[in-house]
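Trainee: Handing you a structure now.
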Amino acid sequence: MSLAEEHTQTGGDSRLSQSAAHVKRNRRAYLLIAPAALFLVAVVGYPILETFRLSLYRSPADSTIETFVGLQHYVDILNSDIFYRLLWQTGRWVAVGVAGKTLLGLLIAVHLKGDIRGRKFFRTAFLIPWGIPYAISAVVFRWIEHPQFGYLNAILLKLGVIEQGIGILGNPDIAWLGVVVADIWIGTPFMAIIFLAGLQSIPQDLYEAAAIDGAERWHQFRYITLPQLKSVILMATLLSTIWTFVSFDTIWTMTGGGPISTTATLVIHIYQVGLQNGHLGLGAAYSVIGFLLLLLFAIVYLRVYTRGGEEL
Amino acid sequence: MTMAGHDEGGLRRVRVYGMLIALLGIMMFPFYAMFSSTFKPESEIFSAPATLVPSQLSLGAYVDVWTQTDVLLWIANSFVISLGTVVLTLLLAIPAAYSCARNDFVGKRTFLLAVLVVQMFAPVVLIVGLFDVISRLGLFNTYLAVIVPAAAFTLPFNIWMLYGYFKTVPVELEESARIDGASQLQVLTKIVLPLTKPALVASITYTFLYAWNRLLFVLTFLTDSGKYNIPRGVFSMVGALQTDWRMMLTVSVIGIIPLLVLFAFLEQYIVAGMTAGAVKE
């Protein structure tokens with residue numbers, strides 16, 4: 001199924017002969033989308049506007065009185081060191097997370113592609129990490145990385161890599177890596193499944209022709225698989241970028257943004273400032289900055305999506 | 001030459017399966033760590049360094065979880081939230097998707113694109129504004145405080161998914177039923193929905209999982225511990241001053257069992273739903 005398939009009805013013709021039946025049909029069409037549209041306006045559209053409005057006010061945690069402060073929050077944010085640290089921490093979180101998910105997903109997909117016995121079993125097994133609560137994955141990784149009782153330390157000790165247990169999540173230098181590993185684990189199955197579907201739609205004769213020409217496996221991957229998979233990879237990494245950017249549950253459960261805020265991303269900070277500390281206005285201003293970044297991703301995504309003359 | 005080719009094929013097989021098993025081992029390791037820890041006797045789970053294989057199997061943790069935590073209540077709440085979200089989402093998504101698949105109207109393209117953009121607006125960047133909406137509607141500490149936002153954020157996927165499938169049902173089928181005197185609602189429930197069963201199953205599974213797995217809404221809008229779902233319950237056990245890892249991991253295992261069952265039966269639908277959006281055929 002293709003989401004970008006063009007619709008075949010011709011809007012222009014029907015508008016010329018606007019019969020009574022057509023008007024009635026149109027009215028029914030609007031009636032049917034109205035509940036969903038109104039619901040989205042109320043639950044998503046309104047909060048967007050409310051966030052913009054709140055970002056112009058100061059609303060301290062201990063008071064219900066709002067004071068209009070204009071763009072002051074934005075000025076404060078852009079002049080604060082925290083903001084740039086958050087951008088850096090969010091950037092590395094997204095870059096390493098998406099790269100890890102993409103590479104691991106590709107690796108799984110290319111090995112599942114061929115004539116594999118028990119493919120359904122493998123596919124289901126590889127899919128499971130995606131489908132369980134992030135909070136549960138997060139506590140399991142916390143347990144694996146536990147400084148005293150964790151399995152990771154036990155393995156590293158056994159292999160002689162380390163001489164005594166290390167506390168990854170308590171160490172400000174490497175805690176974010178301890179969290180990003182969990183995030184990669186959670187996000188890899190989606191990539192693997194999408195890439196597998198993409199790989200299976202590559203015409204087999206391309207490989208056969210290459211094999212006759214004596215192309216090596218790496219060359220086949222480099223000159224057939226990758227170019228054929230380009231649009232799928234682009235789409236999947238864009239989606240993954242968005243999801244990684246906004247991922248909350250995993251970080252919140254593993255570290256709550258700590259130690260000393262080194263695992264906090266922009267969205268973690270939004271939650272801490274806006275809801276935990278109750279500074280709705282400042283939190284809203286951070287959210288608006290988050291919107292703008294998301295919007296940037298969304299525009300790129302939609303451009304890629306509707307590129308090449310394809311209509312919705 | 002053919003022999004050499006054959007050997008090469010065999011070698012390649014060994015390499016592919018070896019790689020798959022290694023990758024599977026990596027991806028399954030956290031489950032192994034979780035499951036094996038819960039079967040260790042209490043003294044062993046808190047011994048350093050960890051034993052990779054339990055020295056003896058104990059069901060003590062499961063007995064303790066059953067008698068000392070609210071795990072059953074959390075599972076029940078998860079079901080209420082997930083089923084509520086599924087019902088609300090489908091009630092909104094089916095008419096909208098059907099309308100878009102069957103009619104051509106001014107603003108359809110805008111509607112569908114706007115829905116796609118909603119998918120980008122992750123709940124967490126909206127949480128401050130959502131907080132305001134939920135409190136104004138007086139929904140705090142009700143299941144609806146979680147169901148309403150969860151439905152909003154699963155709606156885009158559902159509308160697009162069903163829209164794509166509804167378009168594949170031949171209009172002629174519906175027209176002949178209409179001539180036979182069926183109402184439009186009957187056409188939808190008796191002809192269109194049965195023909196698009198795979199899409200419906202994918203929609204329901206996706207929505208159910210989404211609502212089952214989310215922590216954020218429950219964390220923010222439900223402070224009444226009697227309404228916690230599984231992720232929130234697990235989270236509350238980490239938040240405690242002294243985390244009881246043994247109990248928490250056991251609750252986690254119990255919390256994912258319904259999902260494992262779901263996966264075993266509905267894997268193909270889940271995959272169909274996941275790939276629908278991102279791969280063009």
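The values are calculated or read from the model by the stated rules, or taken from the named source; none is laboratory data. Predicted model, so just to flag it, every value in this text is computed and none were measured. Cβ atoms come from the backbone with ideal geometry, glycine included; neighbour counts cover every protein chain shown. Each accessible area value is taken on the protein alone, full model and side chains, heavy atoms only, with ligands, DNA and RNA left out. Shrake-Rupley method; radii C 1.70, N 1.55, O 1.52, S 1.80 Å.
Trainee: Quick check on the protein assembly as shown: helices-only [θ] at 222 nm, where DSSP H runs of length 4 and up contribute -39,500 (n - 2.57) each and the sum goes over total residues. Nearest 500, please. Write out the running numbers ahead of the final one.
Mentor: Numbers: 27 runs with 414 residues, N = 593.
Computed mean residue ellipticity for the protein assembly as shown: -23000 deg cm²/dmol.
Trainee: Okay, moving on. Treat every Asp and Glu Cβ in chain A as -1 and every Lys and Arg Cβ as +1, leave all other atoms uncharged, and give the resulting dipole magnitude about the Cα centre to the nearest 20 debye. Working shown, then result.
Mentor: Details: 22 positive and 20 negative charges, 141 e Å.
Once rounded to the nearest 20, the dipole reads 680 debye.
Trainee: Evaluate peptide B:143-150: per residue, the Cβ atoms of other protein chains within 10 Å of its Cβ; return the mean as an integer. Mind dumping the intermediate values first?
Mentor: Numbers: counts 0, 0, 0, 0, 0, 3, 3, 1.
The per-residue average across the peptide is 1.
Trainee: If the only charges are +1 at each Lys and Arg Cβ and -1 at each Asp and Glu Cβ, what is the size of the charge dipole of the protein assembly as shown around the Cα centre, to the nearest 20 debye?
Mentor: Values: 39 positive and 36 negative charges, 168 e Å.
My answer is approximately 800 debye.
Trainee: Among B:Gly84, B:Gly233, B:Gly138, whose mean-square fluctuation peaks in a Gaussian network model of chain B (Cα, cutoff 10 Å)?
Mentor: B:Gly138
Trainee: Note the full-extension length gain between A:Leu31 and A:Tyr207 as 0.36 nm times their separation in residues minus their Cα-Cα distance, in nm to one decimal.
Mentor: Working: separation 176, 0.36 × 176 = 63.36 nm, distance 5.09 nm.
Between A:Leu31 and A:Tyr207, full extension yields 58.3 nm more.
Trainee: Kindly state, to the nearest 0.05, the FRET efficiency for B:Leu83 paired with B:Val63, given R0 = 30 Å and r defined as their beta-carbon distance.
Mentor: Numbers: r = 29 Å, r/R0 = 0.97.
The calculated FRET efficiency here is 0.55.
Trainee: Using a Förster distance of 30 Å, how high is the FRET efficiency between B:Val106 and A:Arg53, based on the Cβ-Cβ distance and rounded to 0.05?
Mentor: Result of the calculation: an efficiency of 0.50.
Trainee: Per residue of the range A:214-222, what does 6.51 cos²θ - 1.76 cosθ + 1.60 with θ = phi - 60° give for ³J(HN,Hα)? Whole Hz please, x for Gly and Pro, Karplus curve as stated.
Mentor: Once rounded to whole Hz, the list reads x, 5, 6, 4, 4, 5, 4, 4, 6.
Trainee: Okay, next question. Choose one answer from B:Ala182, B:Ala96, B:Ala152: the residue with the largest mean-square fluctuation in a GNM of chain B with alpha-carbon springs under 10 Å.
Mentor: B:Ala182
Trainee: Now for a separate question. For the range B:4-58, with the dipole built from +1 on Lys and Arg beta-carbon atoms and -1 on Asp and Glu ones, taken about the Cα centre, which of B:Met19, B:Pro41, B:Leu52 lies farthest toward the positive end?
Mentor: Projecting each Cα onto the dipole axis, the largest value belongs to B:Met19.
Trainee: Apply the Karplus parameterisation 6.51 cos²θ - 1.76 cosθ + 1.60, with θ equal to phi minus 60°, to every residue of the range A:86-95 and state each ³J(HN,Hα) to the nearest whole Hz, in sequence, with x for glycine and proline.
Mentor: 5, 4, 4, 5, 5, x, 5, 4, 5, 4
Trainee: Taking amide H atoms as placed 1.01 Å from N in the peptide plane, list the residues 5 or more away in sequence, or in a different chain, whose amide H sits under 5 Å from that of A:Arg58.
Mentor: Under 5 Å from the amide H of A:Arg58: A:Thr67, A:Phe68, A:Val69.
Trainee: Among A:Gly178, A:Gly118, A:Gly105, whose mean-square fluctuation peaks in a Gaussian network model of chain A (Cα, cutoff 10 Å)?
Mentor: In this elastic network of chain A, the residue with the biggest mean-square fluctuation among A:Gly178, A:Gly118, A:Gly105 is A:Gly118.
Trainee: Of A:Gln148, A:Phe248, A:Leu32, which is farthest towards the positive pole of chain A's charge dipole, taken about the Cα centre with +1 and -1 on the beta-carbons of Lys, Arg and Asp, Glu respectively?
Mentor: Result: A:Leu32.
Trainee: Also: Averaged per residue, what accessible surface does the range A:42-115 expose to a 1.4 Å probe, in Å²? Walk me through the intermediate numbers first.
Mentor: Values: 3830 Å² over 74 residues.
In whole numbers, the range A:42-115 has 52 Å² accessible per residue.
Trainee: Something else: Explain nothing, just the number: relative contact order of the range A:160-295, from Cα pairs under 8 Å at least 6 residues apart, as a whole percent. Could the numbers behind the result be given before it?
Mentor: Numbers: 89 pairs, mean separation 34.1, N = 136.
Answer for the range A:160-295 is 25 percent.
Trainee: Taking each residue of B:26-37 in turn, how many C-beta atoms of other protein chains fall within 10 Å of its C-beta, and what is the average?
Mentor: On the way: counts 4, 11, 4, 6, 13, 6, 2, 9, 9, 1, 1, 5.
The mean count of partner-chain Cβ atoms within 10 Å per residue comes to 6.
Trainee: Would you mind calculating the relative contact order of chain A from Cα pairs under 8 angstrom and at least 6 residues apart, reporting the percent as a whole number?
Mentor: Details: 312 pairs, mean separation 90.8, N = 312.
It comes to 29 percent, rounded to a whole number.
Trainee: Can you give me the Cα centroid spacing of the range B:148-162 and the range A:54-106 in angstrom?
Mentor: Each part's Cα centre sits 26 Å from the other's.
Trainee: What does the structure give for B:171-184 when I average, per residue, the other chain Cβ atoms found within 10 Å of the residue Cβ? Display every interim value, and only then the final one.
Mentor: Details: counts 0, 0, 0, 0, 0, 0, 0, 0, 0, 0, 0, 0, 0, 2.
That average works out to 0.
Trainee: How much of the accessible area of the range B:68-276, in percent, comes from carbon and sulfur atoms when a 1.4 Å probe is used?
Mentor: Working: 4880 of 7330 Å².
Heavy-atom surface of the range B:68-276 belonging to carbon and sulfur, 1.4 Å probe: 67 percent.
Trainee: To the nearest 100 Å², how much accessible surface do chains B and A cover up together, summed over both, with a 1.4 Å probe? Write out the running numbers ahead of the final one.
Mentor: Values: alone 16880 and 19690 Å², together 26290 Å².
Approximately 10300 Å², summed over both chains.
Trainee: With a Förster radius of 41 Å, plug the Cβ-Cβ distance of A:Leu78 and A:Ile155 into 1/(1 + (r/R0)^6) and report the FRET value to the nearest 0.05.
Mentor: Numbers: r = 45 Å, r/R0 = 1.10.
Efficiency for this residue pair is about 0.35.
Trainee: Would you please classify the overall shape of the protein assembly as shown from the alpha carbon gyration tensor, given that a ≥ b ≥ c denote the square roots of the eigenvalues, rounded means a/c under 1.5, and beyond that prolate means a/b larger than b/c while oblate covers the rest? Numbers along the way, then the final one.
Mentor: Numbers: a/c = 1.58, a/b = 1.13, b/c = 1.40.
It comes out oblate by the Cα gyration axes.
Trainee: A follow-up question, please. Using the Kyte-Doolittle scale, which helices in chain B average at least 1.6 and also have C-alpha atoms spread 18 Å or more along the helix axis, with helices defined as whole DSSP H runs? Can you show the working numbers first?
Mentor: Working: long enough: B:2-38 (52 Å, 0.62); B:71-102 (45 Å, 1.73); B:108-120 (19 Å, 1.38); B:123-136 (19 Å, 1.81); B:144-166 (31 Å, 1.52); B:197-213 (24 Å, 0.58); B:245-278 (39 Å, 1.58).
Going by DSSP H runs, the hits are B:71-102, B:123-136.
Trainee: Sticking with this structure for a sec: Would you work out the charge dipole size for the range B:5-77 about its Cα centre, treating the Cβ of every Lys and Arg as +1 and the Cβ of every Asp and Glu as -1, and quote it to the nearest 20 debye? Walk me through the numbers before you get to the answer.
Mentor: Numbers: 4 positive and 6 negative charges, 70 e Å.
So the dipole magnitude of the range B:5-77 works out to roughly 340 debye.
Trainee: For the range B:31-152, calculate the relative contact order in percent as a whole number, restricting contacts to Cα pairs under 8 Å that are 6 or more residues apart.
Mentor: Numbers: 55 pairs, mean separation 27.6, N = 122.
That works out to 23 percent.
Trainee: Can you tell which of A:Leu107, A:Pro259, A:Leu239 lies farthest toward the positive end of the dipole of the protein assembly as shown, using +1 and -1 charges on the Cβ of basic and acidic side chains (Lys, Arg; Asp, Glu)?
Mentor: Among A:Leu107, A:Pro259, A:Leu239, the one farthest towards the positive end of the dipole of the protein assembly as shown is A:Leu239.
Trainee: Between the range A:196-252 and the range B:243-261, what is the C-alpha centre distance in whole Å?
Mentor: The range A:196-252 and the range B:243-261 have Cα centres separated by 35 Å.
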